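Step one of this worksheet: look at the structure below.
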Amino acid sequence: MALERATALFFELFSGLPRQGPGNATSTRRALGLVPGVGPGTRVLDIGCGTGAQTLVLADCSPARIVAIDNHPPFIDALNREARELGITDRLEARVADMHSLDFADGSFELIWCEGAINNVGVETGLRDWRKVLQRNGHVALTEVCWRKPEPPAECTAFWGREYPAIRDTSALLEAAEACGYETVGHFPLPASAWWDDYYRPLQDKVTAFRKRHGDAPDAQELADRCQHEIDIWHAYSEFYGYEFLVLRVR
Ligand code: SAM
């Protein structure tokens, strides 16, 4: 019951957002531009698609056929609804699936896309395990949080030590990708606007409304506090960390 309530509160706070993590359409388009030869025959697997902010950009900017997966059914329902409204269900299908065990035949895709989600399985595990569903010379585009400057203040280090101890700097991330059998086609940092305009600003509005709605319920207030702390850490220390977009090719 407690778990059900915690899950319900979590999804109440995070539902209805334009996206579920930092990112923006310009960056998705820029990364797509680094992948050669995307055409009507290109099959894309978008892993951890959420409600599909980046999936819809991929569908808009390319004629590729896209399968988008996420393990949260309401996100998948929302994306399939959007695909129906746009009349693109012939080349965009969203499915509930677990990124830990991809259920596709070997070589099913030319391109794997994964914005803000590979951390759920771990970069090395994802890159090694997902490779089998890629064609030879297939590509992976992903975003991952990285340190941007050395010696972040203790409060910032402590936050990331709790939230995601696997955070590393960009060169260590690129080395890890190469050790997993990929070469780097290109990489670039997401701009601060991709954190604020597209993610934290809408989330901040939701946190404020959620607090009011839940009055003095301690579990709801604690969730709101945690979310607020994440946003506050970003305001205070965003020069020290950010997302990097990586476009990789199977070696
Ligand atoms: N790509 C979207 C975006 O940038 O807006 C969503 C990013 S959100 C930070 C991470 C997503 O990964 C969530 O939608 C979550 O439901 C999904 N996810 C987490 N664990 C997963 C798993 N084991 N299998 C599939 N999806 C998962």
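Please treat every number below as a calculation from the coordinates, not as lab data. Just so it is clear, the structure is predicted and the values come from calculations on it, not from any experiment. Please note: Cβ atoms are built from the backbone with ideal geometry, for glycine as well, and neighbour counts cover all protein chains shown.
The figures follow:
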| read-out | value |
| --- | --- |
| Cβ-Cβ FRET estimate between residue 208 and residue 8, R0 fixed at 25 Å, reported to 0.05 | 0.80 |
| Nearest-ten-degree value, helix 201-213 long axis tilted from longest Cα axis of the chain | 40 |
| Tilt relative to the chain, helix 73-86 - C-alpha long axis, 0 to 90 degrees, to 10 | 60 |
| Over the chain: helical MRE at 222 nm, DSSP H runs n ≥ 4 each giving -39500 (n - 2.57), nearest 500 | -13500 deg cm²/dmol |
| Potential extension, residue 61-residue 157 segment - 0.36 nm per residue separation minus Cα distance | 30.8 nm |
| Distant-in-sequence amide H partners of residue 95 (H built 1.01 Å from N, under 5 Å) | 68, 69, 70 |
| Relative contact order of the chain, pairs being alpha-carbon contacts under 8 Å that are 6 or more residues apart, as % | 24 |
| Cα coordinate range in the range 93-237, projected on the principal axes (Å, largest first) | 54, 39, 25 |
| ³J(HN,Hα) computed for each position of the range 151-157 - Karplus, 6.51 cos²θ - 1.76 cosθ + 1.60, integer Hz, glycine/proline x | 6, x, x, 4, 5, 6, 4 |
| Relative contact order, percent, the range 1-96 [alpha-carbon distance under 8 Å, six or more residues apart] | 23 |
| Enclosed volume per residue, in Å³, of the convex hull spanned by Cα atoms of the chain | 127 |
| Descending principal axes extents, the range 43-131, alpha-carbon based, whole Å | 36, 25, 20 |
| Linear extension gain, residue 239 paired with residue 104, 0.36 nm per residue minus alpha-carbon span | 44.6 nm |
| Label-point separation, residue 184 to residue 228 (7 Å along Cα→Cβ), nm | 3.9 |
